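K.L.:
One structure follows; several queries about it will come next.
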Amino acid sequence: MEVVIRTLVENTAQGRGILAEHGLSLLVENSAGVVLFDTGQGMVLDSNAAAMEIDLERVERIVLSHGHFDHTGGLRQVLERIGPREVLAHPEALVPKYSLHEGNVREIGMPEPRKILEQKGANFCLNEAPAEVVLGIIATGRIPRVTDFEQVSSRFRTGPEDRLIQDMLWDDQALIVETGEGPVVVLGCAHAGLINTLLYAEKLVGGKRFAGVIGGTHLVDAEPVRLQRTVDALRQFDIGRIAPCHCTGFRGQMALCEAFGERFILNRAGERLEFGKGRG
């Protein structure tokens, strides 16, 4: 099955008229349909889609990787443009989310209340289990945490603002996209851990061969030991192309570039990745 994945929103940009924004949105298209994975903050999604000659009205379903503002802020805008759509997410994507830093609390969850988004046409399909989005594209649902070096940062919090507890970000999920070259894993932020995500994808598809790994890896805060263990673990998989972005961070990008060489792609808004025709 031929697949095209385009980066609509990312922290950096390339190409005429393409703008950068702290956030992520990827358009995944195969012969069965068009899926929008995350929506960025909402400030550049429309203009980048126009610059890339992408018709957002072709989007059939929307998937949210998790409930942070930089992945969900454009949802209202998209719905206002294209009309009612099913929105697949983990139930905890809709709970309050905060960041705690040096005693200061900052709200980082979905900017719009569920009620408003439903009024704009969001038909939320909330599920913790793997779910087919369209034929050939699966949302993983909740990702098991099995590694001993991929911890969620303690700065992420949830609950009532006066009684915050650590947010383990159980809502974090990825996409698995079947292609003629093998499965591609599309990441939002990989808060569950990049290796945890690939181990779960391996379980779901039954193999360590991935034609591509694309998206946010949340290595931006990784200590050198974690970064090295991540790279070492990645080498246990057979990865055709790796295109990290967003929350990967400069050191993470450099470590992955060094490890993967020509298989590494510097993923920016405006990028188009194609996975060739094959069975299916």
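K.L.:
Say each of Glu118 and Ser31 gets a label point 7 Å from the Cα, pointing the same way as Cα to Cβ; how far apart are those two points in nm?
P.N.:
3.8
K.L.:
Moving on. What list of ³J(HN,Hα) values in whole Hz, one per residue of the stretch 47-54 in order, does the Karplus curve 6.51 cos²θ - 1.76 cosθ + 1.60 (θ = phi - 60°) give from phi, with Gly and Pro shown as x?
P.N.:
Per residue, the Karplus-derived 3J(HN,Hα) values read 5, 5, 4, 5, 5, 8, 6, 9 Hz.
K.L.:
Helix-only estimate, please: 222 nm mean residue ellipticity of the chain, summing -39500 (n - 2.57) across DSSP H runs of length 4 or more and dividing by its residues, to the nearest 500.
P.N.:
About -6000 deg cm²/dmol.
K.L.:
Identify the trypsin sites (Lys or Arg not before Pro) of the stretch 183-280 meeting these criteria: DSSP loop state and at most 15 other C-beta atoms within 10 Å of the C-beta.
P.N.:
Here the trypsin sites (Lys or Arg not before Pro) that fit, given the DSSP loop and packing criteria, are Lys208, Arg235, Lys277, Arg279.
K.L.:
Of Cys189, Cys125, Cys245, which is the most mobile in a GNM of the chain whose springs link Cα atoms less than 10 angstrom apart?
P.N.:
Cys125
K.L.:
Given 0.36 nm per residue, what is the gain on full extension from Ser153 to Leu126 after removing their alpha carbon distance, in nm?
P.N.:
That works out to 7.3 nm of additional length.
K.L.:
Using only the Cα atoms, what convex hull volume per residue in Å³ does the stretch 27-148 have?
P.N.:
In the stretch 27-148, the Cα hull volume divided by residue count equals 133 Å³.
K.L.:
Sequence-distant or interchain residues sharing an amide H contact under 5 Å with Gly23, placed H: which?
P.N.:
Asn11
K.L.:
Taking R0 as 30 Å, what's the FRET efficiency between Val95 and Glu262 from their Cβ-Cβ distance, rounded to 0.05?
P.N.:
0.10
K.L.:
Taking a label point 7 Å from the Cα of Asp221 along the Cα→Cβ vector, which residues of the stretch 88-102 have an amide N closer than 20 Å to it?
P.N.:
92-102, by backbone N distance to the label point.
K.L.:
Mind listing the long-range amide H neighbours of Arg61? Cut-off is under 5 Å, sequence gap 5 or more, other chains count too, H placed in the peptide plane at 1.01 Å from N.
P.N.:
Placed amide hydrogens put Val34, Leu36 under 5 Å from Arg61.
K.L.:
Round to the nearest 0.05 the FRET efficiency obtained for Val205 and Val4 when R0 = 25 Å and r is the Cβ-Cβ distance.
P.N.:
Taking R0 as 25 Å, the efficiency between Val205 and Val4 is 0.80.
K.L.:
If you don't mind, another one. Could you put Ser154, Ser47, Ser99 in order, starting from the residue whose Cβ has the fewest other Cβ atoms within 10 Å?
P.N.:
Starting with the residue having the fewest Cβ neighbours, the order is Ser154, Ser47, Ser99.
K.L.:
Count the lysine pairs in the chain whose Cα atoms lie under 29 Å apart, taking only pairs 8 or more positions apart in sequence or on different chains.
P.N.:
Qualifying lysine pairs in the chain: 4.
K.L.:
What is the gain in length, in nm to one decimal, between Arg106 and Glu60 on full extension, counting 0.36 nm per residue of separation less the C-alpha to C-alpha distance?
P.N.:
13.2 nm
K.L.:
Starting from the Kirkwood Rh over alpha-carbon pairs, what translational D in µm² s⁻¹ does the chain have by Stokes-Einstein at 37 °C and 0.692 mPa s?
P.N.:
In µm²/s, the coefficient is 177.
K.L.:
From the backbone phi of the stretch 119-125, what are the Karplus-calculated ³J(HN,Hα) couplings (6.51 cos²θ - 1.76 cosθ + 1.60, θ = phi - 60°) in whole Hz, Gly and Pro given as x?
P.N.:
Values, residue by residue: 5, 7, x, 6, 9, 6, 10 Hz.
K.L.:
Which residue fluctuates most in the GNM of the chain (Cα springs below 10 Å): Glu102, Glu202, Glu118?
P.N.:
Result for the chain, Cα springs under 10 Å: Glu102 fluctuates most.
K.L.:
Which ³J(HN,Hα) values, rounded to whole Hz and listed in residue order, are derived for the stretch 225-232 from phi using the Karplus coefficients 6.51, -1.76 and 1.60 in 6.51 cos²θ - 1.76 cosθ + 1.60 with θ = phi - 60°, glycine and proline given as x?
P.N.:
5, 5, 4, 5, 5, 5, 4, 4
Rule-based calculations on the coordinates, nothing more; no lab input. Everything numeric here is computed off the predicted structure, so don't read it as measured data. Here the Cβ is made from the backbone with ideal geometry for all residues, glycine too, and neighbour counts use every protein chain on show.
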